Amino acid sequence: MYRLNEVVHHWIYQDYYGRIKRLEKERIFCCHQMTHFLDVARIAYIKNLEENLGFEKDVIYTAAVLHDIGKSFQYKWTIPHEVAGEKIAKEILTTLPEDAQFTEEEQQQILRAIRGHRRKHEGMEPIEELFYDSDKRSRMCHSCPAQKQCNWTEEEKNMEIEI
């Protein structure tokens with residue numbers, strides 16, 4: 001997982017990850033930090049294997065660690081985090097060391113996963129569906145102490161343990 005680690009250690013990633021961490025320091029709702037990112041990655045990878053989707057493991061894990069990286073833009077300027085995150089991810093992916101580069105197709109898969117993980121829509125690509133489902137299933141709303149204050153609808157809340 002060399003390429004994944006190059007992404008996580010990239011100075012741009014560290015900058016935006018640090019911003020999210022600072023902004024969520026007192027947050028009572030779900031946070032968007034490494035525990036969540038890796039939960040999404042693991043669920044997505046299991047579903048990828050079970051459903052024979054054919055995505056590479058490091059593409060899934062890289063998309064997972066990047067899928068919420070734009071959260072600080074949503075918190076501070078109400079810019080949707082999937083929009084900001086796609087731009088940040090593209091900058092990171094295109095400035096990796098040569099031996100850590102993702103192919104153009106892999107980059108597009110990662111960017112589609114980021115862009116499409118937030119809302120269900122008509123004609124979703126398989127990677128968008130994978131990340132939409134994995135992101136939602138990673139949340140344990142049924143045992144969250146802030147469940148009653150959460151602005152997610154009852155349909156959005158994950159009230160069952162599923163992968």
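The values are calculated or read from the model by the stated rules, or taken from the named source; none is laboratory data. The shown structure was predicted, so the numbers you read here are calculated from the model rather than taken from an experiment. All Cβ positions, glycine included, derive from the backbone under ideal geometry; neighbour counts span all protein chains shown. The protein model used for the area step is the full one, side chains on, heavy atoms only, and it has no ligands, DNA or RNA in it. Shrake-Rupley method; radii C 1.70, N 1.55, O 1.52, S 1.80 Å.
Here are a few things to note about the model shown:
- Residue, modelled with the lowest pLDDT, within region 134-146, restricted to residues that are assigned to a helix (DSSP H, G or I) and in contact with a helix residue (DSSP H, G or I) (Cβ under 7 Å, 6 or more places away or on another chain): 141
- Applying the criterion of being more than 18 Å from residue 140 (Cα to Cα) and at pLDDT below 95 to the residues of region 25-54, the residue that is surrounded by the most Cβ atoms within 10 Å (Cβ to Cβ) is 25.
- Taking region 110-130 as the range and being assigned to a helix (DSSP H, G or I) and of a type in the set (Asp, Glu) as the test, the residues that pass are 128, 129.
- Meets criteria (modelled with pLDDT of 95 or more and surrounded by fewer than 20 Cβ atoms within 10 Å (Cβ to Cβ)) for residue 154: no
- For first residues located in region 136-156 and closer than 22 Å to residue 47 by Cα and touching a residue at least 60 places away in the same chain (Cβ under 8 Å), partners that are open to solvent by less than 80 Å² (accessible area, probe 1.4 Å) and outside any loop (DSSP other than H, G, I, E, B) and lie 6+ apart or on another chain with Cβ distances below 7 Å form the pairs 137/43; 138/36; 138/39; 138/40; 138/43.
- Just one of (1) β-branched (Val, Ile, Thr); (2) surrounded by 22 or more Cβ atoms within 10 Å (Cβ to Cβ); (3) assigned to a loop (DSSP other than H, G, I, E, B) fails for residue 62. It is (3).
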